[in-house]
Amino acid sequence: NTITIKAPLVGTFYNSPKPDTPPFISEGDKIQEGQIICIIEAMKIFNEIESEISGKVIKIFPKDGTPVEYDQDLIVLAPE
């Protein structure tokens, strides 16, 4: 039983706040509701995306710095 978090907007996917910092989340991590899971940059605005549920990260689809489309699968979670 898994839940997929989808991109709420079109932009560029970033898994960390800055290039030389650790990622917000990694596969296998346990995350909490409201935790920042990634940033999507759209028109020079950096939008922090928060998890709507708590769970374990099963899969992260986009690579850091790649474009994403609206409603594209971002992250698969196993809810807890």
## Note on the structure
Neighbours of Glu33 by Cβ distance under 15 Å: Lys/Arg at +1, Asp/Glu at -1, summed charge -3
### Query
Under a 1.4 Å probe, what is the accessible area of the chain per residue, stated in Å²?
63 Å²
### Inter-label distance, nm, simple model (7 Å from Cα along the C-beta direction), Ala78/Lys59
1.4 nm
### Task
Enumerate the amide H contacts of Glu50 below 5 Å, restricted to partners 5 or more residues apart or on another chain; note that Pro and chain-start residues carry no placed amide H.
Ile37
### Query
Accessible surface of Glu52 in the full protein assembly, 1.4 angstrom probe, to the nearest 10 Å²?
150 Å²
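Note down the net charge around Ser54, summing +1 for each Lys or Arg and -1 for each Asp or Glu among other residues with Cβ under 13 Å from its Cβ. All intermediate terms of the calculation are to be shown ahead of the outcome.
Numbers: positive: Lys30, Lys56; negative: Asp29, Glu33, Glu50, Glu52, Glu80.
Charge balance in the 13 Å sphere: -3.
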### Query
When the chain is modelled as a GNM with alpha-carbon springs shorter than 10 Å, which of Thr21, Thr12, Thr66 fluctuates the most?
Thr21
### Query
Listed here are the pairs Lys6/Lys63; Lys18/Lys59; Lys18/Lys56; Lys30/Lys63; which of them are more than 18 Å apart at the Cα?
Lys18/Lys59; Lys18/Lys56; Lys30/Lys63
### Message
In whole percent, and with a 1.4 Å probe on the protein chains, what portion of the accessible area of the chain is carbon and sulfur?
### Response
52 percent
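Can you sort Leu9, Leu74 by 1.4 Å-probe accessible area, starting with the largest? Don't jump to the answer; show the numbers that get you there.
Details: Leu9 45, Leu74 0 Å².
Result of the area sort, largest leading: Leu9, Leu74.
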### Query
Going by a ≥ b ≥ c, the root eigenvalues of the Cα gyration tensor, does the chain fall in the rounded group (a/c under 1.5), the prolate group (a/b larger than b/c) or the oblate group?
prolate
### Query
Counting only the heavy atoms of the protein chains, how much of Ile45 is accessible to a 1.4 Å probe, in Å² to the nearest 10?
100 Å²
### Rounded FRET efficiency, nearest 0.05, which uses the C-beta distance separating Asn1 from Asp29 and R0 of 25 Å
0.85
### Message
Please list, ordered by chain and number, the residues whose modelled amide H lies under 5 Å from the amide H of Val68; skip anything fewer than 5 residues away on the same chain.
### Response
Gly11, Thr12, Phe13
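The values are calculated or read from the model by the stated rules, or taken from the named source; none is laboratory data. Remember, it's a predicted structure, so these values are computed and weren't measured experimentally. When we count neighbours, we look across all protein chains shown, and the Cβ atoms used for this are built from the backbone with ideal geometry, even at glycine. Protein only, heavy atoms only, side chains kept; ligands, DNA and RNA dropped before computing areas. Shrake-Rupley method; radii C 1.70, N 1.55, O 1.52, S 1.80 Å.
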